1. One residue is enough: does the range 130-147 have a residue meeting the conditions out of contact with any helix residue (DSSP H, G or I) (no Cβ under 7 Å at 6 or more places or on another chain), more than 20 Å from residue 74 (Cα to Cα), modelled with pLDDT of 85 or more and outside any loop (DSSP other than H, G, I, E, B)?
2. Kindly state which helices (runs of 4 or more DSSP H) lie completely within the range 12-122 and contain at least 1 residues that are closer than 30 Å to residue 173 by Cβ and assigned by TED's automatic domain parsing to the domain that holds residue 141.
3. Pick from 103, 90: which is within 30 Å of residue 136 (Cα to Cα), within 17 Å of the chain's Cα centre (by Cα) and modelled with pLDDT of 90 or more?
4. Can residue 98 be described as closer than 30 Å to residue 40 by Cα and out of contact with any helix residue (DSSP H, G or I) (no Cβ under 8 Å at 6 or more places or on another chain)?
Amino acid sequence: MPGDPTRLRADAQENRDRILAAARTLLAERGADVGMRDIARRAHVGPATLYRRFPTKQAVLDEVFGEELRACREIVVEGCADPDPWHGFTSVVERLTARNARTRASVDALTAASAADGTLAEHRRELLRMVSRLADRARRAGRLRADFRVDDLVLVLLAGRGLAAVGPQDRDAAARRFARLAIDAFRAERRAGSG
């Protein structure tokens, strides 16, 4: 029935889901610079439908980045729960680097200047505080270099955006190698004879 409000709600939800799927894909491929027209085109919806569901580009970014931050948070929470802080820290580096290789949206969610205010920004700050506390534990255990700052990890993740240039079939291996190199750089120097 054309006037059935249930049908309209289902259509609206389907459009919203398609818009978010398109935004996720485009953000993974291109990062936060993707345009609203590109999202509408990929979702096969008109601009009016896109703007009815998401009145601004920031609204789309907040939704997708929120999903990414939840996924990143799960990685960080699991790393923080590890009784061995160095193992927990290296797990965070490895898993965030692997996620970063698959989707640029994860790094954008952690670093986007456009998300400087609001709930999303608070989630991002809390996530970085958690990483910082984990790093402090690893440093106190003598495993993490003394001058490490959480910005160093963000810098590595930003540099890891270059992994997108590696072919999909080799990207996971390149991400693992990149993470190992970063971890070696973060490791506290061993004294001669310390094994």
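1. Yes: one or more hits.
2. Values: elements: 36-43, 47-53, 57-81, 85-102, 104-111.
Filter on the range 12-122 gives 57-81, 85-102, 104-111.
3. Details: 103 fails: modelled with pLDDT of 90 or more.
After applying the criteria, what remains is 90.
4. On the way: closer than 30 Å to residue 40 by Cα: yes; out of contact with any helix residue (DSSP H, G or I) (no Cβ under 8 Å at 6 or more places or on another chain): no.
No; evaluated as a whole, the condition is false for this residue.
Every residue, every condition in (1) assigned by TED's automatic domain parsing to the domain that holds residue 73; (2) in contact with a Ser or Thr (Cβ under 7 Å, 6 or more places away or on another chain); (3) surrounded by 14 or more Cβ atoms within 10 Å (Cβ to Cβ); (4) not polar (S, T, N, Q), yes or no:
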{"position": "136", "(1), (2), (3), (4)": "yes, no, yes, yes"}
{"position": "139", "(1), (2), (3), (4)": "yes, no, yes, yes"}
{"position": "145", "(1), (2), (3), (4)": "yes, no, yes, yes"}
{"position": "151", "(1), (2), (3), (4)": "yes, no, no, yes"}
{"position": "162", "(1), (2), (3), (4)": "yes, no, no, yes"}
{"position": "169", "(1), (2), (3), (4)": "yes, no, no, no"}
{"position": "172", "(1), (2), (3), (4)": "yes, no, yes, yes"}
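The values are calculated or read from the model by the stated rules, or taken from the named source; none is laboratory data. Since the model is a prediction, treat every value here as computed from it, not as a measurement. Because the Cβ atoms are built from the backbone with ideal geometry, glycine has one as well, and the counts that use them run over all protein chains shown.
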